[in-house]
1. With the structure loaded, tell me whether B:Leu67 is open to solvent by less than 10 Å² (accessible area, probe 1.4 Å) and either in contact (Cβ under 8 Å) with a residue 24 or more places away in the chain or basic (Lys, Arg) (or both) or whether it fails that test.
2. Among (1) in a helix (DSSP H, G or I); (2) open to solvent by 60 Å² or more (accessible area, probe 1.4 Å); (3) over 28 Å from B:Asn261 (Cα atoms), there is one condition B:Ala47 misses while meeting the rest; what is its number?
3. Identify, from the list B:Asn186, B:Asn160, the residue that is of a type outside the set (A, V, I, L, M), closer than 22 Å to B:Arg108 by Cβ and modelled with pLDDT under 90.
4. Looking at B:Gly233, is it surrounded by fewer than 23 Cβ atoms within 10 Å (Cβ to Cβ), modelled with pLDDT under 90 and farther than 21 Å from A:Ser137 by Cβ?
5. Does A:Met74 satisfy the criteria of being within 14 Å of chain B (Cβ to nearest Cβ), assigned to a helix (DSSP H, G or I) and either at pLDDT below 85 or in contact with a helix residue (DSSP H, G or I) (Cβ under 8 Å, 6 or more places away or on another chain) (or both)?
6. Being in contact with a strand residue (DSSP E or B) (Cβ under 7 Å, 6 or more places away or on another chain) and among the hydroxyl-bearing types (Ser, Thr, Tyr), is that true of even one residue in the stretch B:6-15?
7. Mind checking which helices (runs of 4 or more DSSP H) fall wholly inside the stretch A:233-292 and carry at least 3 residues that are within 21 Å of A:Leu303 (Cα to Cα) and within 10 Å of chain B (Cβ to nearest Cβ)?
8. Checking the conditions here, which among A:Pro66, A:Pro90 is out of contact with any strand residue (DSSP E or B) (no Cβ under 9 Å at 6 or more places or on another chain) and modelled with pLDDT under 85?
Amino acid sequence: MRTVLFQLLVGRLAIGLATLFIVAIVVFSATMLLPGDVVEVLLGQAATPEAIAGLRTAMHLDDPAPVRFVHWLMGLLQGDLGQSYVNNLPVADLIASRLPNTLRLAGVTAAIAIPLSLFLGITAAVMRGTPYDRTVSILTVAVISVPEFMTATLAVLFFSVWLGWLPALSHLNHVDSIGDMMRVYAMPVISLTFVVSAQMIRMTRAGVIETLDSPYAEMARLKGASPARVVLRHALPNALGPIVNAMALSLSYLLGGVIIVETIFNYPGIARLMVDAVATRDLPLIQSCAMIFCVGYLILVMLADIVALMANPKLRG
Amino acid sequence: MFGFRVPLPSLIGLVVLLAWAVVAIAAPLLVPYSVGEIVDFDIFGPATDQFWFGTDYLGRDVFSRILMGARVTIGISLAAVTLAVVAGVGLGMLAALLGGKFDSLLSRFFDALSSIPNKLFALVAVAGGGSSIPMLIAILALIYTPGSYRFARSLAVNINAMDYVIVARLRGESFFYLARAEILPNILGPVLTDFGLRFVFIVLLLSSLSFLGLGVQPPLADWGALVRENIGGLPFGAPAVILPSLAIASLTIAVNITIDNLPRKIRDRSA
């Protein structure tokens, strides 16, 4: 049986890698659409034809697209992300200075959002149909139906403008104490938590309700087990697979949220780096950021798949 | 309506949708001030009798700008969702009817496309193609075609296994006939609800793009762009920031509650 699980895991991994390859093709070809010649942009109007031709050769721009694609992919694999067109810095350095900020934001958000949504999702499922459940459901649907920037602006309006508790913007230069740090991260983390938790609560609630409706949960109820016992001993262990799966999938919503939240709060993370790169059409930077985001996203989705497989007792050896 | 009892929430949703549709069509007749005109020296002004939704960061009338923004947001989103659903349903029915290699290749391809996070896809595509309105429509349609394809295909595969389709096939009917007369009528209800949900996703993505400054470009402004240009008024709680967001929310929530409360017969996805 262990081999079946192993084969399935290897299969998931292979699918993940194949997807990543297709993503690389899409990212590369989308940036090929760019009108205008990169070299002429780089050298400006005064460039001589010789200089243009020379730089073109140096940048391998005269090679056919598939050759350039392979070059680019090989460079990525070896950690050579190229140079930014805009300020000529190595893309790897730009990303290295921003990535930890984004990871910290995502990490803190996950650490708050996961327990919170587990609690709200499970309690809402157990108290299905009560006013509590309906309130949670309506709130989550409301958050999901509106754009992330609205959730974030409303959070700022509420916590910073009306209550005056927190500063509206993030600046990382004056972090001296833990109190400072909490104030810097508070608004971005609160906004992101709203966005991500809504998805998680919905999925958790659905997963728990499904197991509570199953024949064995009903059996447990009929034989007189206490409600707490039915939920904790009978329903939850079986709902664990779907729940963890839901967590990993929802965390991939972090990505969309991060792009908006970093922009609103002026947070120096990699998502804002990418949005700025799109605005200035800095291709190497866009490509690298897009690949990093996709890798992160695919890892989360793959994790969700693997957990779902592992949680299936039929596949456990 | 249509022989079904329409529940109250659906009715409210429909009324809001109809109102926005009227606004989108008749906006130039409804606006009290021209959208580009600076009507007040007071920037981020509060709501008054004269300016119902206050004034924006240049002192323009927010109410007029939101009414005109409805055209841009709803127009682009409707065009994109129509393209996406027509392409997705067409290819989905084709895949279900043809089966075999065509089906599995197309499905794999769309699976790979849909594994790219939407916002990221949009950012990369905008970086490559720019943000002219036809380009935005094409990008949004491309991003939401895979989902529509997968949805329509799974419905069509079920219908394809029905006896009457097999009989029609044996009669020697053409692919076009099978798709139009046998499959499409049977998947139309769920496909229309999917159209509505996809419309919401597209409105949200378009607004987010415009909010990032990468969607609709000035002088045109959709609701996302209105929030962006007035974000400076956030510390003062200016209506110019809040009301365009509320406009988006009213539209998306109206679509959602209309669909959620539709009679099961129309909306049932396992049809």
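The values are calculated or read from the model by the stated rules, or taken from the named source; none is laboratory data. Please read all numbers here as calculations on a predicted model, not as lab measurements. Neighbour counts are summed over all protein chains in view; Cβ atoms, including those assigned to glycine, are modelled from backbone coordinates with ideal geometry. To get the accessible areas, we keep the full protein, side chains included, count just its heavy atoms, and leave off ligands, DNA and RNA. Shrake-Rupley method; radii C 1.70, N 1.55, O 1.52, S 1.80 Å.
1. Against the criterion (open to solvent by less than 10 Å² (accessible area, probe 1.4 Å) and either in contact (Cβ under 8 Å) with a residue 24 or more places away in the chain or basic (Lys, Arg) (or both)), B:Leu67 does not qualify.
2. Condition (1) is where B:Ala47 drops out.
3. Values: B:Asn186 fails: closer than 22 Å to B:Arg108 by Cβ.
Answer to the selection: B:Asn160.
4. In short, yes.
5. On the way: within 14 Å of chain B (Cβ to nearest Cβ): no; assigned to a helix (DSSP H, G or I): yes; either at pLDDT below 85 or in contact with a helix residue (DSSP H, G or I) (Cβ under 8 Å, 6 or more places away or on another chain) (or both): yes.
No: the conditions fail for A:Met74.
6. No, there is no match, as no residue in the stretch B:6-15 is in contact with a strand residue (DSSP E or B) (Cβ under 7 Å, 6 or more places away or on another chain) and among the hydroxyl-bearing types (Ser, Thr, Tyr).
7. A:253-264
8. The unique qualifying residue is A:Pro66.
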